Each structure stands twice: as structure tokens, then as C-alpha cells.
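Heads up, the thing below is written out as C-alpha cells.
The values are calculated or read from the model by the stated rules, or taken from the named source; none is laboratory data. Treat the numbers as computed from the prediction; the structure is a model and nothing was measured. With ideal geometry, Cβ positions are generated from the backbone for all residues, glycine too; neighbour counts draw on all protein chains shown. SASA here: full protein model, heavy atoms, side chains in, ligands and nucleic acids out. Shrake-Rupley method; radii C 1.70, N 1.55, O 1.52, S 1.80 Å.
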Amino acid sequence: QVQLIETGGGLVQAGGSLRLSCATSGRTFSSYGMGWFRRAPGKEREFVAGINWTGLSSSYADSVKGRFTISRGNAKNTVYLEMNRLKPEDTAVYYCAARRDGSYYRGTNEYDYWGQGTQVTVSS
């Protein structure tokens, strides 16, 4: 059974930091491209960051560029999202997603597996 499990969400004050983790199981995701998405209340799910299977290529939404960093663990089966200088508008449920071909895309329809999400709340 394929699973993506996000952890690390929580409540933080504006300006603070959180580190999200996405652990994979049931399949070797080291060759998969990975992405982080988020859905804020009343909004559609949106791309946050993506990283390819080697970990050498990544991309960010303009709204998080310079504040968030996506990375892969040494075994490449875990993906992280380091979030710094958080803002209230970063409040959302954050999801990780995996794509078989090793690349990443910004579209929500481009991924093969999704996690259940973890809530991030940033207070002002």
C-alpha cells in the first residue's frame, strides 16, 4: 500500500518557522518527483514547491520564494519543507505529492500519489 504521510504542522506566530516532513512507504519513492501543495480556507489547492528525484532541481511559488526550502533526505524517500518567516497568509493544509517520472510540475493534476495533509496555522 502506497502512503505519503505529512508531519510537522502546527500553530506558530508570524515570523516563526516550521519544518514539514513527508515520509513515504509502500514503494520506493527515491526515483519520484515530489511536490508540496497547500489549500487555504475558501481557496483552491495551490503549488508551493517541487523537487525532482535527484534533488538537484527545485522550484517555488513566488509567494514563498526566499522563505521556504524543499529538500530530500539522504535516502530520498523523505521530503522536507522548511518554512521560515511565516505569514498569516501561509495558513493552510499542506499536502505532499509524488510523481512517478521523477520530475515535478505545478499542476495539481500532475501527481500520482497524495498525502492526507497537515494543518499549518500562522497567527498574527
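I need the calculated FRET efficiency for the pair residue 87 and residue 7, taking r as the beta carbon distance and R₀ as 30 Å, to the nearest 0.05. Working shown, then result.
Values: r = 22 Å, r/R0 = 0.72.
After rounding to 0.05, the efficiency reads 0.90.
Once the Cβ-Cβ distance between residue 23 and residue 65 is put in as r, and R0 is 25 Å, what FRET efficiency do you end up with, to the nearest 0.05? Using R0 = 25 Å, I get an efficiency of 0.50.
So which trypsin sites (Lys or Arg not before Pro) in the range 71-124 end up in coil per DSSP with only 16 or fewer other C-beta atoms within 10 Å?
Details: sites: 72, 76, 85, 99, 100, 106; in loops: 76, 85, 100, 106.
Those that pass, being in a loop and sparsely packed, are 85, 100, 106.
State in Å² the accessible area per residue of the range 75-124; use a 1.4 Å probe, count heavy atoms of protein chains only, and round to the nearest integer. Numbers along the way, then the final one.
Numbers: 2490 Å² over 50 residues.
Here the per-residue accessible area is 50 Å².
What residues from the range 2-25 fall in the zone where the backbone N is under 17 Å from a label point 7 Å along the Cα-to-C-beta line of residue 123? Residues passing the 17 Å test: 9-18. Relative contact order for the chain: 36 percent, from Cα pairs under 8 Å spaced at least 6 residues apart, divided by residue count. Using every pair of distinct Cα positions in the range 1-59, the Kirkwood expression returns a hydrodynamic radius of 13.5 angstrom.
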